[in-house]
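**Student:** Please find one structure pasted underneath; my questions will follow.
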Amino acid sequence: QKEVEQDPGPLSVPEGAIVSLNCTYSNSAFQYFMWYRQYSRKGPELLMYTYSSGNKEDGRFTAQVDKSSKYISLFIRDSQPSDSATYLCAIDNGQNFVFGPGTRLSVLP
Amino acid sequence: DAGITQSPRHKVTETGTPVTLRCHQTENHRYMYWYRQDPGHGLRLIHYSYGVKDTDKGEVSDGYSVSRSKTEDFLLTLESATSSQTSVYFCAISESTGVLYGYTFGSGTRLTVV
């Protein structure tokens, strides 16, 4: 079983929509969870991280962890065309970061 | 990307030839990583380094070797390139371990093995 799994999409939404991106992970011992954003032909960049359970908000972005379900989510409010990118979830397994395959998001004007 | 440079950006090579990719950082970070990114698999760790001459294997290390003789440079070598190694290779650096430090990624090297 992979340590982290993610629906690869692609996902297309109209500008202004609320976007929900999701991942599942396998080991309930994982404590740290991250979201990276990757624009086309660029390296990933850290968007935000959360510790353990609960929500973390940063502007239009909210990261949520549900440890009982081993489920992590990223919500984007008022999505913009500039949000079009691939979003990768990642977990810290204590040795290094393990990344999901990414969900490609397109926000259409 | 500030502080981290990968070279070359693109390379086409023939099956069976050795290939070396270079990652150079100006941040003086201790940790350096090589990942490959493929559709459906995402980023997979090949090798990483936790100091000069200190390296370890990742998830997909077969067919790859690394060297780190200086803090700023981390080299990835494909000993005898195969078509299955066609991929986009990313280098990442980190000051320390853990999410508080995060990874900073380079812009990638697109390698095609024909």
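The values are calculated or read from the model by the stated rules, or taken from the named source; none is laboratory data. Being a predicted model, the structure only gives us computed values, none of them experimental. Every residue, glycine among them, receives a Cβ derived from its backbone with ideal geometry; neighbour counts consider all protein chains shown. Side chains included, ligands, DNA and RNA excluded: accessible areas come from the protein's heavy atoms. Shrake-Rupley method; radii C 1.70, N 1.55, O 1.52, S 1.80 Å.
**Student:** For segment B:81-106, give me the residue count where each residue is surrounded by fewer than 16 Cβ atoms within 10 Å (Cβ to Cβ) and at pLDDT below 95.
**Tutor:** 6
**Student:** May I pose another question? Restricting to segment B:1-43, what's the tally of residues that are touching a Gly at 6+ places or on another chain (Cβ under 7 Å), on the phi < 0 side of the Ramachandran plot and part of a strand (DSSP E or B)?
**Tutor:** Matching residues across segment B:1-43 total 5.
**Student:** Can you find, within segment B:1-58, the residue that is most open to solvent (accessible area, probe 1.4 Å) among those that are among the basic types (Lys, Arg) and touching a residue at least 40 places away in the same chain (Cβ under 8 Å)? Before the answer, list the steps.
**Tutor:** Start the filter on segment B:1-58 by keeping residues that are among the basic types (Lys, Arg), which leaves B:9, B:11, B:22, B:30, B:36, B:44, B:53, B:57.
Next, from what is left, pick out any that are touching a residue at least 40 places away in the same chain (Cβ under 8 Å): B:9, B:11, B:22, B:30, B:36.
Values: B:Arg9: 109, B:Lys11: 75, B:Arg22: 95, B:Arg30: 125, B:Arg36: 22 Å².
Out of the qualifying residues, it is B:Arg30.
**Student:** For a quick check of your reading: which strands (runs of 3 or more DSSP E) sit entirely within segment A:46-85 and have at least 1 residues that are in contact (Cβ under 8 Å) with a residue 24 or more places away in the chain?
**Tutor:** On the way: elements: A:54-58, A:61-66, A:71-76.
In segment A:46-85, the matching strands (runs of 3 or more DSSP E) lie at A:61-66, A:71-76.
**Student:** Residue check: is A:Phe33 more than 11 Å from every other protein chain (Cβ to nearest Cβ), in a strand (DSSP E or B) and either at pLDDT 95 or above or closer than 19 Å to A:Pro101 by Cβ (or both)?
**Tutor:** On the way: more than 11 Å from every other protein chain (Cβ to nearest Cβ): no; in a strand (DSSP E or B): yes; either at pLDDT 95 or above or closer than 19 Å to A:Pro101 by Cβ (or both): yes.
It is false that A:Phe33 is more than 11 Å from every other protein chain (Cβ to nearest Cβ), in a strand (DSSP E or B) and either at pLDDT 95 or above or closer than 19 Å to A:Pro101 by Cβ (or both).
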